[in-house]
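J.: Pasting in a structure now, in structure tokens, and then I'll have a few things to ask.
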Amino acid sequence: MARPRAFDQPTVLAAAMDQFWRRGYEATSVRDLASAMSITGASLYNSFGDKRSLFKRCLETYLDTYARRRVAELDASDDPISGIRTFFDRLIEASLGDRRGCLLVNAAMEVAPWDPELAELIEESLREIEDGFYRALARLPASPNHQQSRDARATARLILSAVITLRVLARAGGDQDRLRSIARSAVAMVERWRAP
């Protein structure tokens, strides 16, 4: 009896993620995935389950590799405003350099409407990013005159909406000036929080 073919899981997952990222969930077939991963369809099913299970695994890998790493960098920043500015600078650089968009945002538009379990994962993941902005805002010293009027949660949601807008526009071919204008507006909103 032949032994199953060994393969490097991170490498084949990266290949599968690229297929989903470039083509979307529906347009990517199991045959496309197996070919890109350089494994047989049987190996794909044996190792990762069905297409949906593989997509979920790819989404988790994407979150760990990109989104959660960026939030961790924001959490580690000495100055929350500089951290948010850097977050947007890196996001614009990534968006202009890779027109696949954001796998999480792509999935929110394509998959979430018909898959409640994946919709919950996507919502939780977006909340993780929002929470990162919330924590950054909470670290800003408050002006005694304005402390009661600040709503960190609402502002964190507005920053998240700027991130999503930026990613969608970049995928649609948005130009650099437009993306930078969105980022500048988001950072300016945060700068108004800084105590005088």
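The values are calculated or read from the model by the stated rules, or taken from the named source; none is laboratory data. Given the structure is predicted, the values throughout are model-derived calculations rather than measurements. FYI the Cβ positions are ideal-geometry reconstructions off the backbone, even for glycines, and counts take in every protein chain you see. Surface areas here come from the heavy atoms of the whole protein model, side chains and all, with no ligands, DNA or RNA. Shrake-Rupley method; radii C 1.70, N 1.55, O 1.52, S 1.80 Å.
J.: Please compute the contact order of the range 51-192 in relative form: average sequence separation of alpha-carbon pairs under 8 Å and at least six residues apart, divided by the residue count, as a percent.
T.: With pairs under 8 Å counted, the relative contact order is 32 percent.
J.: If you don't mind, there's one more thing I want to ask. When the chain is fully extended, how far beyond the present Cα-Cα distance does residue 191 get from residue 172, taking 0.36 nm per residue of separation?
T.: 4.0 nm
J.: Ignoring everything except DSSP H segments at least 4 long, calculate the 222 nm mean residue ellipticity for the chain; use -39,500 (n - 2.57) per segment, divide by total residues, nearest 500.
T.: Rounded to the nearest 500, the figure is -22500 deg cm²/dmol.
J.: Leaving out ligands, DNA and RNA, and with a 1.4 Å probe, what % of the accessible surface on the chain is carbon or sulfur? All intermediate terms of the calculation are to be shown ahead of the outcome.
T.: Working: 5290 of 10500 Å².
Carbon-and-sulfur percentage of accessible area, whole number: 50.
J.: Using Cα atoms only, what is the angle between the long axis of helix 9-23 and the major principal axis of the chain, expressed in degrees (0 to 90) to the nearest 10?
T.: The angle comes out near 70 degrees.
J.: A further question follows. If I fit a long axis through the Cα atoms of helix 176-191 and take the longest principal axis of the Cα atoms of the chain, what angle between them do I get, 0 to 90°, rounded to 10?
T.: 50 degrees
J.: If you don't mind, there's one more thing I want to ask. From the P(r) of the chain, can you give the percent of Cα pairs sitting at distances over 31 Å?
T.: Details: 5291 of 19110 pairs.
Tail fraction, whole percent: 28.
J.: Now a separate question. Tell me which of 114, 48, 27 sits at the most positive position along the dipole axis of the chain, charges placed on C-beta atoms (Lys, Arg +1; Asp, Glu -1).
T.: Of 114, 48, 27, it is 27.
J.: Roughly how many whole Å is it from the C-alpha centroid of the range 33-110 to that of the range 153-196?
T.: 20 Å
J.: Per residue, what accessible area does the range 1-135 have, given a 1.4 Å probe and all protein chains present, in Å²? Please list the in-between numbers first.
T.: Working: 6920 Å² over 135 residues.
Dividing the accessible area of the range 1-135 by its residue count gives 51 Å².
J.: Continuing with this model, one more query. Expected output is a single nm value to one decimal: the length gained when fully extending between residue 35 and residue 158, i.e. 0.36 nm times separation in residues minus the C-alpha distance. What is it?
T.: 40.2 nm
J.: Once both axes come from the Cα atoms, what is the angle between helix 116-138 and the longest principal axis of the chain, in degrees from 0 to 90, rounded to 10?
T.: It is inclined by approximately 30 degrees.
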